[in-house]
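The values are calculated or read from the model by the stated rules, or taken from the named source; none is laboratory data. Here the structure is a predicted model, which means the values were calculated and not measured. For neighbour counting, all protein chains shown are included, and Cβ atoms are generated from backbone atoms with ideal geometry for every residue, glycine included.
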Amino acid sequence: MSAPPYTLTRQVDPPPVIRLELMRPLSEAETAALADALEAEVAAAPTTVLVELNALPRYDRRLRQTLLALQRRITAHGGRAVYVADRPRLRGLALWVVHMAEDSQAKIVGNVAAATEWLRISDHRVAAAEEGTLSALGRLTKRRGGGS
């Protein structure tokens with residue numbers, strides 16, 4: 001029995017993320033199964049997805065369309081993605097996907113530690129922006145209420 005072509009897990013530890021690790025090139029049936037599994041995972045809410053490409057032994061052209069569909073889905077639902085690729089051809093695959101999806105929020109890094117750090121820092125920035133927005137909204141609301 002051969003090893004599975006990918007693992008797909010939902011990690012709840014900060015930062016919460018769907019983690020996809022691709023182990024080998026996929027057959028057409030495996031690509032379709034992955035697309036269905038990813039669709040089910042990202043359909044519920046804005047989602048962060050960490051896509052690990054480093055275990056792939058070579059570039060897989062079929063995978064481009066699957067990753068592009070995933071990236072577009074993530075973007076449409078307000079999520080974000082980070083791709084882990086340590087070799088030029090794999091980085092090229094990730095760059096193609098991000099470019100074709102026209103997603104300026106996606107990130108491509110060389111290792112999982114850098115991906116986790118980027119996600120952690122991004123979460124802090126989002127939290128700080130939300131806090132600042134709520135604070136400003138509170139001040140505006142007080143001004144409006146106090147001036148009437």
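What the table shows:
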{"quantity": "Some residue of the range 51-65 being among the hydroxyl-bearing types (S, T, Y) and in a loop (DSSP other than H, G, I, E, B)", "calculated": "yes"}
{"quantity": "Only listed residue being within 18 Å of I108 (Cβ to Cβ) and among the hydrophobic types (A, V, I, L, M, F, W, C), chosen from A35, A76, A85", "calculated": "A85"}
{"quantity": "Total residues in the range 32-60, condition over 26 Å from A114 (Cβ atoms) and either modelled with pLDDT under 85 or of a type in the set (D, E) (or both)", "calculated": "6"}
{"quantity": "Every residue from the range 38-60 that is exposed (fewer than 13 other Cβ atoms within 10 Å of the Cβ) and touching a strand residue (DSSP E or B) at 6+ places or on another chain (Cβ under 7 Å)", "calculated": "none"}
{"quantity": "Set V126, V98: member being modelled with pLDDT of 85 or more, farther than 27 Å from S2 by Cα, not in a loop (DSSP other than H, G, I, E, B) and not hydroxyl-bearing (S, T, Y)", "calculated": "V98"}
{"quantity": "Residue that is farthest from R61 (Cα to Cα) [pool: residues in the range 106-115 that are of a type outside the set (G, A, S) and surrounded by 14 or more Cβ atoms within 10 Å (Cβ to Cβ)]", "calculated": "V112"}
{"quantity": "Residues within the range 99-120 that are over 15 Å from V49 (Cβ atoms) and of a type in the set (D, E, K, R), tallied", "calculated": "3"}
